[in-house]
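Below is one structure, written out as structure tokens, with a few remarks after it.
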Amino acid sequence: MSSKRITHQRVALGLLALVLSMVPVASQSPSFYPDDPIALDDDMSLDAAKVVRIADSNIYDFVENTFANPGVRHDVRAQNVNTIGDVPDSSWFVNRMGQRPLSTAELVRGPDRFDSVSLDGWKVSGDKSSGLQPGFRMTDPTGHLYQIEFDPPSNPEMATGAEIIGTAFYHAFGYHTVEVYIAELDPAKIEINPEARMTDPLVGKRRRLTRRDVDEVLSRAARMPNGHYRVLVSRFADGAPLGNFRYYGTRPDDPNDIIPHEDRRELRAARVFGAWLNHDDSRGVNSLDMLHTDGGRRYVKHYMFDFGSIMGSGTVFAQRHRAGNEYIVDWAPGWLTLATLGLYTRDWLHIDYPDVPPSVGRFEGRSFDPLEWRPEYPNSAFDNMRADDAFWAARIVAKFSDADIRAIVSKARYSDPRATDYITATLIERRNKVLKTWLTAANPLVDFALGSDGAFTFTNAAVAAGVATPATEYRVRWSRFDNSTGSTTGAIEATTTGTRMPAPPAVVKDAEFVQVDIASEHPQFSAWKAPVTVHFRRHSSGWGLVGVSRVQ
Amino acid sequence: MIHAARERRCPVYNALVSRRVIGFYVWVGFVVAIAAPAPAFAQASAPPPQTRAEVLQRARDEKGRSVTPYERNGLERALNTVETRVQSYFGRDGVHPKFGSLDTGSGFAFGVGYLNRRLVDREGALNIWGAVSLKKYWAVEGSFDMPSLAAGWLTLGTYARHQDYPQQAFFGIGPESRRDDQTAFRIVNSMAGGRARVKPARSLTVGGGVEYFRHELAPGRSKEIPSIEALFTDATAAGLGTTRNFLRPYFTFEYDYRQPRNARKGGWYRLEASRFADATDQFTFNRVDVDLRQYGSILAERRVLAVRLYASTSEPGSGARVPFYLMPTLGGHDSLRGFRDYRFRGPHAILTQTEYRFEVWSGFDAALFYDAGKVTLRRSDLNFKDLEHDYGFGFRFNTDNGTILRIDAGFGSSDGKHLYIVFGDVF
């Protein structure tokens, strides 16, 4: 026996020993724990005492995400979903519209604690620290701090309306957002706190804020016919600001933050919401981590904010033609344009925007394609979005009725009813495209139930949303499921054309877990052939849904 | 043989990688795997988690034992510094660096400036700067302006400057000047003046002013190019060798409806009428400059056609002449780009420029251009016949407010190929 052969045998034995040392661990992890599916991921449990504020950089965020592809780009299931593919409540996300239909009043109120705010008795307390929109800070009579922002003179009501609408939608989706209100500011009644300070833009030093500084801000703001100013009033979130979160990796100083952000479903799927509302500015710098204190325990809560650049608003101008259609730096079309001396033209250059009130900005739905929509620059979480992530988001989008959309748009209080009508109609048109794209991109079966009488039922979400015809056939494979090993036995296959069928007694009788694989046949949607894998666990009173896996 | 040689030279390496020793490593690995298990195995010795919440909690506990502050990498630190400290210095009051060029052909210049816009209850702005270029051009300037009087409708200002430009190019006067006759002269200019502008409508500005200046000519200081007096005299270059004092009253009319400032549509029309009054009347003349620029665009304003017509004419007083250094010039990065700087000089000039600009990426445009123009000795020759011309292509890094950096390559002229890298737009 040669020494080479002996070495190979030793290598093989060594590897075998290492593998054997891992196997018991794997076999001891059941597929489903007793508390599955969890509805809450308590990611506020550990004291985040060591978190420190991160200094944000707009330029770095652009450079890194445009040229360095940070995070891990891969095709894996989102890591923060529960076993039925839902996103548990957490410091990132609270299921709202996705869990139950919100009333119109709830939708419109959003995160706001007040019906409205009046600026009487408020005092200017400082300047804005960042952002393009002209504005300053005010404190209410109780001393709480708010940010006041104005519309550009060229587009009255545009940015403030976008912020109101965007906040209401993102709150309904489930994200943490700050309270925002529309109010009217009478320049004759502006009071300035004697302690108000600002950074002088000409010298970069802190100094006392004066009436003249306020007037300078007002000179860049749209004025109402009555001489007042329509303003956006944003209430500062409670807690201490910690800087932006990023769409990749985790905060190294937060013990609760263990799931890479690019693999969080609610961040991946924000691409769907962003496309619907044309939130091209959805990037790390428009997010905020806040350190909250709750009974001596500190935890990080993650906010999305700054929706002034959604729909047709570019905050201080009407949205650019490129916005939502192409990254700031998109290499291929640029090289093509250069090589052809401009004869090659991007599709979005040909979009014919209708003549609409200035408060709308530049927004339309006819040429909108949810698949091709782009934020300002690449986003790690968006790039990792899979069909199941998008399907999850599309189901939330599907819950917004036409009336819901109109109610939220009306919250912006556009003085020209044509603006309300146009934005509502455009959002409805874009919603329908989102649903048609993403509810059909994966096998769209939902709402699985196995009754104690053995009746198995489900719903086709795409059909329910009116964006697809029913499948011609459902191929169902029943089997018993071993929760400790993950293996199946006793498979029985059946087909049905309906969404209700009896479970085979041979499989379900005395079984603790049952696995059902359902593939759908549809002449238009080949993706439906990939089966949805569903698991039921027997309870004392029947069967409970414990697992749903849509894309392998 | 090579292998044997390596064995002789590296006995330690050979000992470490011999098959027998590698086999030993594998066995050690096997023993370690059993006797000193990996962390995963160690966890197995703890009670397995009983719930999903416990699985997650264990992972958080594990991270909680090793939390570390976020550390920025070098690039992030650098860009953050640029954003929070360096960037904010540009456009701010106080002492600031100054970069760019002093004049066509001056080369890259750098210097220092001081700006204070908080004078006279924030109505007044004092701006002082000095700079020197790689070609030893230098200038200092001070100005005081009140740009927002009468709610922005009125601007008043006064200024003084001193310039020393030692290598200004001169090829002779008129369209027949020869490329081979390139010479250089030095001009030292001291100037002081006042100006006023009224803005009766949003796009309309009417202004005027008066300035006193003194031009002092001297031999050029180029090592490669002969000085002007080697080839020219006062007869062929009026004003050569003299020092002149001028008083110049002027009037301007400007209509500007470009959108945006880095224009994609609209127009900019400017007329300036001046009288250059020489103390001795030997060089007194009147001059009128007209500059018309028009912009049109298609495809969401990402394809822009920009055209320009510029004309200048000078009328000397009776018995007077126009000094060559106050004549309009053509050639260089902002006029005939296929020619060298100041290639043509004459009392009358006409220039047309056409550019087709197309956006490649946001903030980065490419352009194809065609320039044509000429200088003439007689006003009656100001027409579109026998124009010098060139064509070329360029790139622009820009914003809505203007072009930051421009690279233009000019061809097709009788003066060779020219590459210009310039801060700012051509028109």
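The values are calculated or read from the model by the stated rules, or taken from the named source; none is laboratory data. Only a predicted model underlies this, so the values are computations on that prediction, with no experimental measurement involved. Ideal geometry is used to build each Cβ from the backbone, glycine not excepted, and the neighbour counts take in all protein chains shown.
Details
- Filter result (surrounded by fewer than 18 Cβ atoms within 10 Å (Cβ to Cβ) and in contact (Cβ under 8 Å) with a residue 12 or more places away in the chain) within the range A:534-548: A:538, A:541, A:542, A:545
- Here the condition is being within 14 Å of another protein chain (Cβ to nearest Cβ), crowded, with 21+ Cβ neighbours inside 10 Å and in contact (Cβ under 8 Å) with a residue 12 or more places away in the chain; of A:325, A:384, it holds for A:325 alone.
- Screening residue A:237 with (1) within 15 Å of residue A:303 (Cβ to Cβ); (2) more than 14 Å from chain B (Cβ to nearest Cβ); (3) assigned to a helix (DSSP H, G or I); (4) aliphatic (A, V, I, L, M) gives one miss only, at (3).
- Condition broken by residue A:48, with the remaining ones in (1) in contact with a strand residue (DSSP E or B) (Cβ under 9 Å, 6 or more places away or on another chain); (2) away from chain B (no Cβ under 12 Å); (3) buried (at least 19 other Cβ atoms within 10 Å of the Cβ) satisfied: (2)
- For the criterion of being in contact with a Pro (Cβ under 6 Å, 6 or more places away or on another chain) and surrounded by fewer than 16 Cβ atoms within 10 Å (Cβ to Cβ), residue A:518 fails.
- Residues (assigned to a loop (DSSP other than H, G, I, E, B) and out of contact with any helix residue (DSSP H, G or I) (no Cβ under 8 Å at 6 or more places or on another chain)) located in the range B:233-252: B:233, B:234, B:235, B:236, B:242
- Subset of the range A:473-505 [within 38 Å of the chain's Cα centre (by Cα) and either at positive phi or among the aromatic types (Phe, Trp, Tyr) (or both)]: A:474, A:478, A:481, A:486
- Scanning the range A:39-72 for residues that are within 25 Å of residue A:252 (Cα to Cα), out of contact with any Ser or Thr (no Cβ under 7 Å at 6 or more places or on another chain) and not in a helix (DSSP H, G or I) yields a total of 17.
- Hits in the range B:270-314 - residues which are in a loop (DSSP other than H, G, I, E, B), in contact with a His (Cβ under 9 Å, 6 or more places away or on another chain) and of a type outside the set (Lys, Arg): B:299, B:300, B:301
- Selection from the range B:58-76 of residues that are crowded, with 18+ Cβ neighbours inside 10 Å and over 16 Å from residue A:300 (Cα atoms): B:76
- Taken together, A:430, A:418, A:395, A:406 contain a single residue that is among the basic types (Lys, Arg), part of a helix (DSSP H, G or I) and under 14 Å from residue A:356 (Cβ atoms), which is A:418.
- Taking the listed residues A:343, A:371, the one that is surrounded by fewer than 23 Cβ atoms within 10 Å (Cβ to Cβ) and closer than 30 Å to residue A:71 by Cβ is A:371, with no other qualifying.
- Matching residues, the range B:260-309, being crowded, with 20+ Cβ neighbours inside 10 Å, more than 14 Å from every other protein chain (Cβ to nearest Cβ) and over 24 Å from residue B:327 (Cβ atoms): B:263, B:295
- Flag if residue B:291 is of a type in the set (D, E, K, R) and over 23 Å from the mean Cα position of the chain (by Cα): no
- Just one of the listed residues (B:124, B:105, B:100) is crowded, with 18+ Cβ neighbours inside 10 Å and at positive phi, namely B:105.
- Any hit, the range A:254-275, residues being within 14 Å of chain B (Cβ to nearest Cβ), in a loop (DSSP other than H, G, I, E, B) and closer than 26 Å to residue A:328 by Cα: yes
- Looking only at residues of the range B:89-112 that are within 14 Å of chain A (Cβ to nearest Cβ) and of a type in the set (Gly, Ala, Ser), we find that the one that is nearest to the chain's Cα centre (by Cα) is B:91.
- Residue in the range A:328-344 that is farthest from the other protein chains (Cβ to nearest Cβ), counting only those that are in a loop (DSSP other than H, G, I, E, B), over 21 Å from residue A:375 (Cβ atoms) and in contact with a strand residue (DSSP E or B) (Cβ under 8 Å, 6 or more places away or on another chain): A:341
- Filtering B:328, B:323 for residues that are under 21 Å from residue B:422 (Cα atoms), assigned by TED's automatic domain parsing to the domain that holds residue B:414 and surrounded by 20 or more Cβ atoms within 10 Å (Cβ to Cβ) leaves a single hit, B:328.
- Filter result for residue A:146 (of a type in the set (Phe, Trp, Tyr) and part of a helix (DSSP H, G or I)): no
- Taken over the range A:68-89, residues that are free of Cβ contacts under 8 Å to residues at least 60 places away in the same chain and within 10 Å of another protein chain (Cβ to nearest Cβ) amount to 3.
To keep it simple, each residue is scored yes or no on (1) hydroxyl-bearing (Ser, Thr, Tyr); (2) at pLDDT below 95; (3) out of contact with any helix residue (DSSP H, G or I) (no Cβ under 8 Å at 6 or more places or on another chain); (4) not assigned by TED's automatic domain parsing to the domain that holds residue A:51.
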{"site": "A:291", "(1), (2), (3), (4)": "no, no, yes, no"}
{"site": "A:294", "(1), (2), (3), (4)": "no, yes, yes, no"}
{"site": "A:302", "(1), (2), (3), (4)": "no, no, yes, no"}
{"site": "A:305", "(1), (2), (3), (4)": "no, yes, no, no"}
{"site": "A:310", "(1), (2), (3), (4)": "no, no, no, no"}
{"site": "A:314", "(1), (2), (3), (4)": "no, no, yes, no"}
{"site": "A:319", "(1), (2), (3), (4)": "no, no, yes, no"}
{"site": "A:324", "(1), (2), (3), (4)": "no, no, no, no"}
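- The requirement of being on the phi < 0 side of the Ramachandran plot, over 28 Å from the mean Cα position of the chain (by Cα) and among the aliphatic types (A, V, I, L, M) is not satisfied by residue A:145.
- Residue ID - surrounded by the fewest Cβ atoms within 10 Å (Cβ to Cβ), chosen from residues in the range A:194-231 that are assigned to a strand (DSSP E or B) and in contact with a Gly (Cβ under 8 Å, 6 or more places away or on another chain): A:197
- Residue count, the range A:354-388 (criterion: assigned to a helix (DSSP H, G or I) and within 18 Å of residue A:312 (Cα to Cα)): 0
Residue-by-condition table, conditions (1) modelled with pLDDT under 95; (2) surrounded by 18 or more Cβ atoms within 10 Å (Cβ to Cβ); (3) among the aliphatic types (A, V, I, L, M):
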site: B:151; (1), (2), (3): yes, no, yes
site: B:159; (1), (2), (3): no, no, no
site: B:162; (1), (2), (3): no, no, no
site: B:172; (1), (2), (3): no, yes, no
site: B:181; (1), (2), (3): no, no, no
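- Residue identified as in the same structural domain as residue A:261 (by TED's automatic domain parsing), at pLDDT 95 or above and out of contact with any Ser or Thr (no Cβ under 8 Å at 6 or more places or on another chain) among A:403, A:455, A:387: A:387
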